[in-house]
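To keep things clear, I will list the structure first and then write my remarks on it.
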Amino acid sequence: MKKILLVSGSIFLAFQSYSVLSFLNQVEINSIPMIIFLAWVINMLITGIFALSGFALPTQKLMPQSYYTVSRPKILAHVYKVLGVNGFRKFLLATFWRDKEKHSKYFNGTSSGISSFAVQSKKSEFGHVIPFLILNIIAIYWCATDHVMLGVATFLFNVFGNFYPVILQRHHRMRIQRISARYDAK
C-alpha cells in the first residue's frame with residue numbers, strides 16, 4: 001500500500017509540475033518574492049517526483065552501474081572541498097537528518113550495512129541527478145524566453161537542492177569504494 005501511495009504521489013507531482021509550468025508560460029511575473037517562491041515550488045515539485053518514486057521503486061537500477069562508480073576520486077574530493085559540500089552535509093545533519101532513526105535506516109554502522117548504504121546513496125543520487133538535468137533545461141528555457149529572473153532563481157535553487165546532494169552522494173560512494181577495496185584486498 002505504501003508503494004502505491006508513493007507512486008501515486010509522484011504522478012500527482014508530475015501533473016502539478018506540468019500545470020505550473022504551463023501556467024508560467026502564460027503570465028508575466030514582476031514580483032521578485034513571487035519569482036523566488038515559484039522557482040522554489042518548481043524545484044520542490046520536480047525533485048519530489050523522483051524522490052517519491054525512489055522511496056517506492058528501485059530507481060537506482062535505471063542508470064547503468066558504471067555511472068555510479070567514482071572513477072576520479074581526487075577530482076571529486078577537490079570539488080567537494082571547493083564547493084563546501086561538507087558544510088551542506090553538516091547543515092542537513094543539523095536540520096533534516098537530525099533524527100538518529102533516519103541515520104540508522106540509511107546506514108546502521110555495521111559492515112553488512114555498507115552495501116545497504118551504497119544502494120541508498122545510489123537511490124538518493126538518482127533522485128537528484130535527473131531533476132537537476134530537467135530543472136537546468138527549464139532554467140535555460142526561461143532565460144531564453146524573457147523569464148531571466150525566474151530562470152536564474154530556478155538554477156540557484158537547483159544547485160543547492162540537487163547538485164550539492166549529487167556531489168554528497170558521490171562522495172559517500174567514493175568512501176564506500178575505498179572500504180570495499182580494503183575488504184576485497186584481504
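Any read-out appearing in this document is the output of simple, stated calculations on the displayed coordinates, not a laboratory observation. A quick note: this is a predicted structure, and the numbers were derived from the prediction, not measured. Ideal geometry is used to build each Cβ from the backbone, glycine not excepted, and the neighbour counts take in all protein chains shown.
Shown in residue order for the stretch 147-158 are the 3J(HN,Hα) couplings computed by the Karplus curve 6.51 cos²θ - 1.76 cosθ + 1.60 at θ = phi - 60°: 10, 4, 4, 5, x, 5, 5, 4, 4, 5, 4, 5 Hz (x for Gly and Pro).
When semi-axes √(5λ) of the Cα gyration tensor in Å is computed from the coordinates, the matching label among (i) 36, 17, 16; (ii) 24, 18, 16; (iii) 32, 19, 15 is (iii). Residues whose amide H comes within less than 5 Å of that of Phe107, counting only those at least five positions distant or on another chain, are absent (H built at 1.01 Å from N in the peptide plane). Note that the stretch 127-139 has calculated 3J(HN,Hα) couplings of x, 10, 6, 5, x, 4, 5, 4, 5, 5, 4, 4, 4 Hz, one per residue in order, obtained from phi through the Karplus relation 6.51 cos²θ - 1.76 cosθ + 1.60 (θ = phi - 60°); glycine and proline are x. Ranked for footprinting exposure by Cβ neighbours inside 10 Å, fewest first, Ile42, Ile130 give Ile130, Ile42. Using C-alpha pairs under 8 Å with a sequence gap of at least 6, the mean separation divided by the residue count of the stretch 2-185 gives a relative contact order of 31 percent. The order of Leu6, Leu62, going from fewest to most other C-beta atoms within 10 Å of their C-beta, is Leu62, Leu6. Ordering His147, Ser17, Val119 by Cα displacement along the dipole of the chain toward the positive end leaves Val119 in first place; charges were set at the Cβ atoms of Lys, Arg (+1) and Asp, Glu (-1). Pairs to check: Lys61/Lys81; Lys74/Lys123; Lys61/Lys90; Lys81/Lys122; Lys3/Lys81. Give those whose C-alpha atoms are more than 25 Å from each other in this structure. Among Lys61/Lys81; Lys74/Lys123; Lys61/Lys90; Lys81/Lys122; Lys3/Lys81, the Cα-Cα distance tops 25 Å for Lys61/Lys81; Lys61/Lys90; Lys3/Lys81. Phi-derived couplings, Karplus 6.51 cos²θ - 1.76 cosθ + 1.60 at θ = phi - 60°, listed residue by residue for the stretch 26-37: 9, 10, 9, 10, 10, 8, 4, x, 5, 4, 4, 4 Hz, with x used for Gly and Pro.
Here the stretch 22-179 is assigned +1 on the Cβ of each Lys and Arg and -1 on the Cβ of each Asp and Glu. Its dipole about the Cα centre then comes out at about 1020 debye. Mind checking which of Ile49, Ile11, Ile167 has the largest fluctuation in a GNM of the chain, springs on alpha carbons under 10 Å? Answer for the Gaussian network model of the chain: Ile11.
Here the Gaussian network model covers the chain, with springs between Cα atoms less than 10 Å apart; of Pro131, Pro58, Pro165, Pro58 fluctuates the most. Footprinting exposure proxy ranking of Ile46, Ile75, Ile140, fewest other C-beta atoms within 10 angstrom first, gives Ile75, Ile140, Ile46. Axis angle, to the nearest 10 degrees, between helix 164-185 and the longest C-alpha principal axis of the chain: 10 degrees.
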